[in-house]
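First comes the structure, then the notes that go with it.
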Amino acid sequence: MQQLKKILVCLDLSEMDDFLIGYSNYIINTFKPESLVFIHIMELYDLPDEIAGFDDPQGNLEEMVREEMNERIEKGITEKGDTEISLSIEAGLTAEKLLQYTRKNKVDLTILGKKIGYHGEGSVARRIVGLIPSSVLVVSETSREEINKVLVRMDFSNMSASTLNMAQTIAGYTGAAIECHHVYKLPLNYYPRQTPENIKKMKVQLAEVVEKEYGKFIRKMKIANPPPVTYSLEAQVDESQLLYNHARRNGFDLILTGTKIKSSLAGLILDRTSEKLVGGDQSIPVMVVKEPGKSAGILKAFFD
């Protein structure tokens, strides 16, 4: 069973922080985690020379950052219940520190923000998400603070099993409706030879295949009341765009995907669809679900 007991939220002293703190307030009230840690990583090599020349600049700067962040957090978190809330200030490279922190503290979910229209942040998320051993939720400043409908990317693999497991965990807290969606890519060299009538027949046949494969998948997972499954058939549109378009048209609040693990090391790398969903210029939050312990074990060799 996927866990959401320990949550880490990444802040960077930008306007996005206020949204992330507000979204964290929703997360706390909804999932009631044991702990939620706000983290800010100071990359000191980026400091101006005037500050870098101070005696003990890290100590002075850290105190100023801590005061400002605590003020924002106290303003944005209205009701924390039994959740232990804390702030961690680290110094160093963002990716390295996040990897170390999430692994050492056995974080279940890391929350990152991305600004719509600024693709630099999307690329940062793409680089970090694949390496962090915890599941990762990426939200934008236009994301809704609600989870009523969850879309699960479905390809009948172990990745889909972990992702559906997380969706069920989320639904247990929120009462959200779950739908699985499978994208079938028609080979481009085959598509031009097909008439509209043939494509229509193919979609009927594909629906039968999807239902059959989904039935086998559900029986293997031993799910008593499985969510519905839908599918797309497309030759030229990217899978990530198909998933996002389906989610937007049908009012989904969250898209769940995963990493296609073909070997132990591949678990650290996002497949192309997950990477595009994370880095895209889109407002619906995307959660990349990791298999518990899978990536953490691999990363241990790099940091111990």
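Just so it is clear, none of the values below were taken in a lab; they were calculated from the coordinates. Quick caveat: nothing in here was measured; it's all calculated off a predicted structure.
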In whole Hz, what ³J(HN,Hα) sequence does the range 149-154 give by Karplus (6.51, -1.76, 1.60; θ = phi - 60°), x for Gly and Pro?
9, 10, 9, 9, 5, 10
Amide H of residue 42 versus every other amide H placed in the peptide plane: which residues, excluding those fewer than 5 positions away on the same chain, fall under 5 Å?
90, 91, 92
